[in-house]
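Encoded as structure tokens, the structure appears first; notes follow it.
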Ligand SMILES: Cc1cc2nc3c(=O)[nH]c(=O)nc-3n(C[C@H](O)[C@H](O)[C@H](O)COP(=O)(O)OP(=O)(O)OC[C@H]3O[C@@H](n4cnc5c(N)ncnc54)[C@H](O)[C@@H]3O)c2cc1C
Ligand code: FES
């Protein structure tokens, strides 16, 4: 089989087919976004007796959640020693407990709704390949044990290569995210609640009730609104400045099930790899390898990241062919805690969940639990820690670096393409070029035809960058992405790039 460009999860499920919203509608809660946060929150709120409407710009489970690795664990590479050091034992304890509780809640939903989504208990490992990482591994084990988490230190694993040591969390889980989300969405739709697809929300106005304005025309009126668009499309909470978008790459290769390892793995250090297997519907096993992450828009030759993963698959697993390759991105929070709660201190009815830092399977369920409680006026023991309006650590070295980077790009990228012309764009490539006094994103297709879009991102005005592997225009500031015709692939932008 030749390599398929696209998520295995999406390729192995049928596309959903919910209608777009066509008429004005009133519900108790409008939820913008049909990913892990949106669908899970919709389900919990419907269970609690609320009438909900999910408004999804594309199709359910085709955003980040349809492209993830889908390990469901409270072992988030290495985090507990650092949390204890910088935020204290109590914060670290709540973080661990809330993620563990979210895993249990996910399992309960899957069980009670009898969702066939390849949910399996697995042990999760963060491993070091060199001895210089061992101190960190041991510190993580000690920290996690102190918090009562199911952690042990191991020197061997069932990976086909040696590790220096690893943190092991037992009884974690993995699943098929699209099978889960599509099944759960079908439980949400009906009985006065709705799933709408191909319905992009432009903004939310008013409060009590809120008016959710869609680009199809009709307005959805709701008492409460959850903005579950990965990075909120509403700018008031400044979440775009409290997080940064990180993109990462995955490949999937069919392997002999007899050779498959059993755990879920992630390396440590900056150039780590993420590893898991998943059953395929024909009774086989797919090995998934992730890695190569970078800030969105930072590199153009993204196909090299896929090549690095192919090389790793050959070196570590003896694989000469792969079946799938895809990539996606998530918002990284500067203080490593997600933002879950009100959009701003002044808002009483608009809620957000973002900043999952590439560990959003447990944190999205955790978000759904917190937001469903807040909307029902139920006290939630974790809400204060994750409060989305908490003072933001704008002055960590990471946040300063990322926001400085956004500022310099905003100014410096105005010069991008000044001395280039469309003649220098080779077939199959894209480039920002200044033409007729305007910066344009110019893509030349394989047949030689030019496709031109305005290169200034409609979100907050940064200049987009070319992504060669995905053939897309990616905004380096807050991660909006557009196809070669300017159509939105990923927010926070709610308007396309104008075609030229
Ligand atoms: C490479 C990679 C691997 C990962 N692996 C793991 C893992 O193994 N374990 C783990 O815990 N986490 C993992 N994560 C993180 C996890 O996948 C995400 O945190 C999680 O899927 C985010 O869910 P979400 O609901 O916030 O976003 P999404 O799934 O993106 O949902 C948001 C939805 O909102 C829609 N939307 C956007 N704008 C609008 C609009 N204007 N109107 C209407 N709808 C809109 C989008 O179309 C999308 O469907 C990984 C992340 C990456 C990048
Ligand atoms: S995503 Fe914010 S300026 Fe482009």
Can you find even one residue in segment 414-424 that is in a strand (DSSP E or B), away from ligand 2 (no atom under 12 Å from the Cβ), more than 24 Å from the chain's Cα centre (by Cα) and crowded, with 16+ Cβ neighbours inside 10 Å?
-> no
Of the listed residues (169, 194), the one being within 28 Å of residue 49 (Cβ to Cβ), in contact (Cβ under 8 Å) with a residue 60 or more places away in the chain and in a strand (DSSP E or B) is 194
Would you mind stating whether residue 267 is out of contact with any helix residue (DSSP H, G or I) (no Cβ under 7 Å at 6 or more places or on another chain) and over 20 Å from residue 488 (Cα atoms)?
-> yes
Filter result (free of Cβ contacts under 8 Å to residues at least 60 places away in the same chain and either in contact with a helix residue (DSSP H, G or I) (Cβ under 8 Å, 6 or more places away or on another chain) or on the phi > 0 side of the Ramachandran plot (or both)) within segment 101-135 | 114
Looking at residue 34, is it outside any loop (DSSP other than H, G, I, E, B) and near ligand 1 (Cβ under 10 Å from one of its atoms)?
-> no
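Considering only residues that are in a loop (DSSP other than H, G, I, E, B), closer than 19 Å to residue 416 by Cα and within 10 Å of ligand 2 (Cβ to nearest atom), which ones fall in segment 470-496?
475, 476, 477, 478, 479, 480
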Return the only residue of 50, 59 being in the same structural domain as residue 252 (by TED's automatic domain parsing), part of a loop (DSSP other than H, G, I, E, B), modelled with pLDDT of 95 or more and within 20 Å of residue 217 (Cα to Cα).
-> 59
Any idea which of (1) surrounded by 14 or more Cβ atoms within 10 Å (Cβ to Cβ); (2) closer than 18 Å to residue 9 by Cβ; (3) more than 16 Å from ligand 1 (Cβ to nearest atom) is the one residue 300 doesn't satisfy?
-> (2)
Out of the residues in segment 103-147 that are outside any helix (DSSP H, G or I) and at pLDDT below 95, state the one that is surrounded by the most Cβ atoms within 10 Å (Cβ to Cβ).
-> 129
Within segment 455-469, restricting to residues that are within 9 Å of ligand 2 (Cβ to nearest atom) and not in a strand (DSSP E or B), the one that is surrounded by the fewest Cβ atoms within 10 Å (Cβ to Cβ) is 461
Do we have any residue at all in segment 382-404 that's at pLDDT below 95, farther than 22 Å from residue 241 by Cβ and more than 12 Å from ligand 2 (Cβ to nearest atom)?
-> no
For residue 100, indicate whether it is more than 23 Å from residue 232 (Cβ to Cβ), outside any strand (DSSP E or B), within 16 Å of ligand 1 (Cβ to nearest atom) and touching a strand residue (DSSP E or B) at 6+ places or on another chain (Cβ under 6 Å).
-> no
Mind checking which pairs have a first residue in segment 346-366 that is at positive phi and a second that is not in a loop (DSSP other than H, G, I, E, B), Cβ under 6 Å, 6 or more apart or different chains?
-> 355/243; 355/331; 355/333; 355/339; 357/332; 357/333; 358/330
With a cut-off of at least 3 residues that are out of contact with any helix residue (DSSP H, G or I) (no Cβ under 8 Å at 6 or more places or on another chain), within 16 Å of ligand 2 (Cβ to nearest atom) and more than 17 Å from residue 344 (Cβ to Cβ), name the strands (runs of 3 or more DSSP E) lying wholly within segment 203-255.
-> 243-255
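The values are calculated or read from the model by the stated rules, or taken from the named source; none is laboratory data. Because the structure is predicted, anything quoted here is derived from the model rather than measured. Cβ sites come from the backbone with ideal geometry, for glycine too, and all protein chains shown count toward neighbours.
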